[in-house]
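Down below is the structure, laid out as structure tokens.
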Amino acid sequence: MSQELIDALAAIVGRAQVLSDDADTAPFLTDWRGRYRGEAICVVRPGSSAEVAQVVAACADAGVAMVPQGGNTGLVGGATPCAPASHPRGEVVVSLGRMNRILAIDLDNNTISVEAGCILQQVQEAAAAAGRLFPLSLAAEGSATIGGNLSTNAGGVHVLRYGNMRELTLGLEVVLADGRVWNGLRGLRKDNTGYDLKHLFIGAEGTLGLITAAVLKLFPLPRASATAWAAVRDPAAAVALLGRLRERCGERVSAFEIVGRPALDLVLKHLPAARDPLAARHDWQVLLELTDIDAAADLGVQLEAILAGEIEAGLVFDAAIAQSESQARALWSLRENIPEAQKIEGLSIKHDISVPISRIAEFITGADAALEEAFAGVRIVCFGHIGDGNLHYNLSRPAAQENPAFIAATEAINRIVHDLAHRLGGSISAEHGLGQLKREEIRRYKSEVELEMMREVKRALDPRGLMNPGKLL
């Protein structure tokens, strides 16, 4: 059966685009963190939506499951096949990397239509070349693809101003589990004709269908910006500073990130070019950015005045405002390289939680205290998008040799972190998705009614369980 399916897929996409040798498939079977390694009959690389539809139909006829994959930058094993395969007849990885075309840019409608295999940075650059902004921005933007961004409802650093992928998407094209194609590539901001079906697939991690193209929103290109790195008294002061900035600057506040000292120390340790922007060591710092479409807007002067006032008020201890684009990039590099520095340092227990912004300080204080009591000397690497309530809260031992025993306590640690986030009205997955990592964990926090509604949707669109099995549900 496996060889028959491989031959059938080769007849659709060409023999060179069906990978079955171990050396060729290996990069597609392991996740970015190296936590998951799966098994697959083969990796197929279609080059168009029509080929995707034929591939899905062929796999469905054979009763073989499909695992869609883009840039393979996910952190929860959502794009990695399972080991052993979750479906009795095995799994095929459908890699969309060849589907990387910009289909259209409509300046009057402020939209860009792209294939799912487009790398995020490619979409950003195409928008900029047309004098527009596609605002989704995240550390993996040089390799993450639009299909993966949609499947996980990606957020990134500009959510507080522009929203996540759900807010940035107007239309989708999706290949359904039986090979039929739903063409919802409509660039409409108003379409009140029934269920808004695109939202079923955004954030579904490929479990309902395979996204092949999208119509995305564009925005005016900022012409002025100001970026600053500021040491704050504590997380509560960071939240207060965010509120005061938004009162003074409104929608000009484009990004507001919090970085705990252990996170910054890892970047300074592992990235040779990294430099601490401030002379003294501080426990908490924020990275903030103002932007404006008016090139004459003197945002630096405004930001300097605001920060000076907050230093006098005691919320801020010190601050450095970028004086050039290269200085701004250096500040952003400190924040964006935290995941890479953690990867170099070794395994950690990662959490991607969200709580209401008003309860961020309460979460950090409570989780820190509970973990220190249960696991004395724990290293807490806390950073993230405080502007939308999303924290990356990662834990390890400072001594690498102690980490294996610590990792073994993941379940007990999750109880502390996830239970507190839930109690504060939050979520255990803000932007990374559930994948394999949190597939069982989510059952503790969603009601049976909500889970059954999700299962019913899954049964309606994928009754045979062929779309990315073993993930999310």
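Miscellaneous remarks
- Fully extending the segment from Asp368 to Glu39 would add 114.6 nm, taking 0.36 nm per residue of separation and subtracting the current Cα-Cα distance.
- Volume in Å³ per residue [convex hull over Cα atoms, computed for region 224-333]: 92 Å³
- Positive minus negative residues near Arg252 (Lys, Arg vs Asp, Glu; Cβ under 15 Å): -2
- The helix-only estimate of mean residue ellipticity at 222 nm for the chain, built from DSSP H runs of length n ≥ 4 each weighted as -39500 (n - 2.57), is -10000 deg cm²/dmol after division by the residue total.
- More than 19 Å apart - percent of Cα-Cα pairs taken over region 71-166: 45 percent
- Computed Kirkwood radius, in angstrom, where 1/r is averaged over Cα pairs of the chain: 23.3 Å
- Per-residue Cβ neighbour counts within 10 Å put Tyr36, Tyr162 in the sequence Tyr162, Tyr36, beginning with the fewest.
- Sorting 102-109, 284-291, 125-132, 379-386 by their mean Cβ neighbour count within 10 Å, with the most densely packed peptide first, gives 284-291, 379-386, 125-132, 102-109.
- Rounded to the nearest Hz, the phi-derived 3J(HN,Hα) couplings of region 403-413 under the Karplus curve 6.51 cos²θ - 1.76 cosθ + 1.60 (θ = phi - 60°) are 5, x, 5, 5, 4, 5, 8, 3, 4, 5, 5, where x marks glycine and proline.
- Reachable lysines from Lys198, criterion Cα separation under 26 angstrom, eight or more residues apart if same chain: Lys190, Lys217, Lys438, Lys446, Lys458, Lys471
- Solution diffusion estimate, µm²/s, Stokes-Einstein, region 1-103, Kirkwood Rh from C-alpha pairs, 25 °C, viscosity 0.890 mPa s: 181 µm²/s
- Positive contributions from Lys and Arg (+1) and negative ones from Asp and Glu (-1), summed over other residues with Cβ under 12 Å from the Cβ of Gln285, come out at -2.
- FRET efficiency, Ile344 to Arg423 (Cβ-Cβ, R0 45 Å, nearest 0.05): 0.85
- Environment charge of Val449, counting only residues whose C-beta is closer than 14 Å and scoring Lys/Arg +1, Asp/Glu -1: -1
- A simple rule links phi to the HN-Hα coupling: the Karplus curve 6.51 cos²θ - 1.76 cosθ + 1.60 with θ = phi - 60°, which for region 50-55 gives 4, 5, 4, 4, 5, 4 Hz, with x for Gly and Pro.
- Residue among Thr30, Ile12, Phe134 farthest towards the positive dipole end of region 1-136, charges placed on Cβ: Phe134
- Burial ranking of peptide ranges 199-205, 456-462 (average Cβ count within 10 Å, highest at the top): 199-205, 456-462
- When the alpha carbon gyration tensor of region 102-220 is reduced to an equivalent ellipsoid, its three semi-axes come out at 21, 16, 13 angstrom, largest first.
- Per-residue 3J(HN,Hα) values for region 115-128, derived from phi via the Karplus relation 6.51 cos²θ - 1.76 cosθ + 1.60 with θ = phi - 60°, read 7, 5, x, 5, 6, 3, 4, 4, 5, 4, 5, 5, 5, 4 Hz in sequence order (x marks Gly and Pro).
Read-outs: derived from the displayed coordinates by stated rules, not from any lab. Predicted model, so just to flag it, every value in this text is computed and none were measured. Cβ coordinates were reconstructed from backbone atoms using ideal geometry, including for glycine residues, and neighbour counts include every protein chain displayed.
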